[in-house]
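Colleague: Pasting in a structure now, in structure tokens, and then I'll have a few things to ask.
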Amino acid sequence: MTQTTPKQDHVLIFDTTLRDGEQSPGATMSHAEKLEIASLLDEMGVDIIEAGFPIASEGDFQAVSEIAKNSRNSVICGLSRANFNDIDRCWEAVKHAARPRIHTFIGTSPLHRDITALDQDAMVARIHDTVSHARNLCDNVQWSPMDATRTEHDYLCRVVETAIKAGATTINIPDTVGYTYPRESADLIAMLLERVPGADEIIFATHCHNDLGMATANSLAAVEAGARQIECTINGLGERAGNTALEEVVMALRVRNDILPYRTGIDTTKIMGLSRMVAAVSGFPVQFNKAVVGKNAFAHESGIHQDGMLKNKETFEIMRPEDIGLAATNLVMGKHSGRAALRAKLSELGYELGDNQLKDVFVRFKALADRKKEVYDDDLIALMTEASLNDEDAYLQVRKLRVICGTEGPQEAELTLSIGGVEKFVDATGDGPVDATFNAVKMLFAHDAKLELYQVHAVTEGTDAQATVSVRLALDGVVFSGQSSDTDTVVASAKAYVNALNRMVVHRHRGNLSALMSSAS
Ligand code: KIV
Ligand code: ZN
């Protein structure tokens, strides 16, 4: 039996970072990155991983199939629209999982019925047929009435009843446009539980978007009313203002267990590592004051707060940094730290390395420690993220960069790039060192993508701090993000830019590079 039933006092965590999260413009992730994130989510104890939308592209199909094959404990779910083709393709991908799930949906509000040109009866018939079809393939079927919070209550009850009768085992109630309000969110679940026959035999899920900043509150209110599955993403990644953030609901359920007496199976110490990983691969840095995972979430600036913290941490902290995987003591590493200390430190941060991996990371660590006196936890996390982003088979790679800058312009960049295995050199000028470097990249790899975002964050404090640079490029309406960290901001910039270009190359399909490059020299 693959159905996932929570124990009485449990709430299931359904993570959709790889599907709804990846839908945010520019958050496209590579195949390898998706696999890595899925494996971390599985390890963290996520009950259901929505791994993608298999019909959307061959890449999505391959990613969902492979995540399904590699899955250990989590249920692996794929999304499909309300038609047999989508559902069959979804099943082909998820069926490899030990515990597969098909998720199918249709927009049920008046606005969506208009778009699909289905009247109420025709839509009910479609729901019956598609959910029955899915259930014939898989005994774990989730159904969602998209835009549920703007669907007439009588009609919502009717479609939910239809889906349950057709075999849906989970009914998800999406607040697709982030329109609802906590009390309303709770009332909606309570209304469905009371009015729909068979509602007590299935699980209700809540799926909230954050357009009015109420996603987490709306999800928790739904739980209070009887929902037993929360759909969420790491860092709240998702379309527009994003989704309910996994770290927020999980920590809220833990800290306020007095009023929300439900538990999750999440190992919260993995939260910080995943948050950083998702920020890096999606190119969406976490805002400093973000709840739970923001850089300032455990920082205490004012004298009164610092004094209180020294006397009793609980004065100003409702959770402990170590609960989310932030080491309590920020033990500083340096160039005299040995391999064993590095292994212990990385293990504390949630990275368990084999001997070969450790050897490789140790070399990088030594190089960093040579340039930077003190290596903090955040530096090590940036180093690990960098290693996972650094694809040795990438089409474009920064080999060498030398920049001349200062008060006397124009600034100049001498750059060697490896392009498809062939090294090319150019000398370019620009308005500042980053501009000169980007001009050099463009001269070596000509393209029409527009730079939409260039952002620099210092990983730690001090003039020798590593910089994390995020770059976002847009081409023909598609956005590609890249990120990189280095103690040299210009090197990090070059690598982040090249990283984004590599994603563009992958997107444009290997082999069709001539269409992408207007004139590479
Ligand atoms: O927000 C939404 O309605 C969705 C559905 C596909 C579940 O993401
Ligand atoms: Zn959504």
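Colleague: If THR315 meets every condition in (1) at pLDDT below 85; (2) touching a Lys or Arg at 6+ places or on another chain (Cβ under 8 Å) apart from one, which number is that one?
Modeller: With (1) at pLDDT below 85; (2) touching a Lys or Arg at 6+ places or on another chain (Cβ under 8 Å) applied to THR315, the lone miss is (2).
Colleague: When GLN23 is evaluated against the numbered criteria (1) more than 25 Å from ASN257 (Cα to Cα); (2) modelled with pLDDT of 95 or more; (3) within 16 Å of ligand 1 (Cβ to nearest atom), which criterion, by number, is the only one it fails?
Modeller: Going through the list (1) more than 25 Å from ASN257 (Cα to Cα); (2) modelled with pLDDT of 95 or more; (3) within 16 Å of ligand 1 (Cβ to nearest atom), GLN23 breaks only (2).
Colleague: If you don't mind, another one. Which residues, counting only those in the stretch 137-154, are in contact (Cβ under 8 Å) with a residue 24 or more places away in the chain, more than 16 Å from ligand 1 (Cβ to nearest atom) and part of a helix (DSSP H, G or I)?
Modeller: LEU137, HIS153
Colleague: Follow-up. Restricting attention to the stretch 119-142, does a residue exist that is buried (at least 24 other Cβ atoms within 10 Å of the Cβ) and within 16 Å of ligand 2 (Cβ to nearest atom)?
Modeller: So far as the stretch 119-142 goes, yes, one or more of its residues are buried (at least 24 other Cβ atoms within 10 Å of the Cβ) and within 16 Å of ligand 2 (Cβ to nearest atom).
Colleague: Next question, about the same structure. Which of the strands (runs of 3 or more DSSP E) found entirely inside the stretch 403-494 contain at least 2 residues meeting this: in contact with a helix residue (DSSP H, G or I) (Cβ under 9 Å, 6 or more places away or on another chain) and crowded, with 22+ Cβ neighbours inside 10 Å?
Modeller: Hits in the stretch 403-494: 411-419, 467-475, 478-486.
Colleague: Let me ask another. Going through GLU231, GLU239, GLU194 one at a time, which residue ends up being surrounded by fewer than 22 Cβ atoms within 10 Å (Cβ to Cβ) and touching a Ser or Thr at 6+ places or on another chain (Cβ under 7 Å)?
Modeller: GLU239
For every residue, the table says whether it meets (1) touching a residue at least 40 places away in the same chain (Cβ under 8 Å); (2) among the polar types (S, T, N, Q).
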position	(1), (2)
VAL398	yes, no
GLY406	no, no
GLU414	no, no
GLY421	no, no
VAL426	yes, no
THR429	no, yes
ALA436	no, no
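Colleague: Still on this structure, I have one more. Can you work out which of the residues in the stretch 204-231 that are away from ligand 2 (no atom under 16 Å from the Cβ) and touching a residue at least 40 places away in the same chain (Cβ under 8 Å) is farthest from the chain's Cα centre (by Cα)?
Modeller: This residue is ALA225.
Colleague: In the stretch 48-73, how many residues are out of contact with any His (no Cβ under 7 Å at 6 or more places or on another chain) and surrounded by 23 or more Cβ atoms within 10 Å (Cβ to Cβ)?
Modeller: Number satisfying all stated conditions: 9.
The values are calculated or read from the model by the stated rules, or taken from the named source; none is laboratory data. Source: prediction; values computed, not measured. For neighbour counting, all protein chains shown are included, and Cβ atoms are generated from backbone atoms with ideal geometry for every residue, glycine included.
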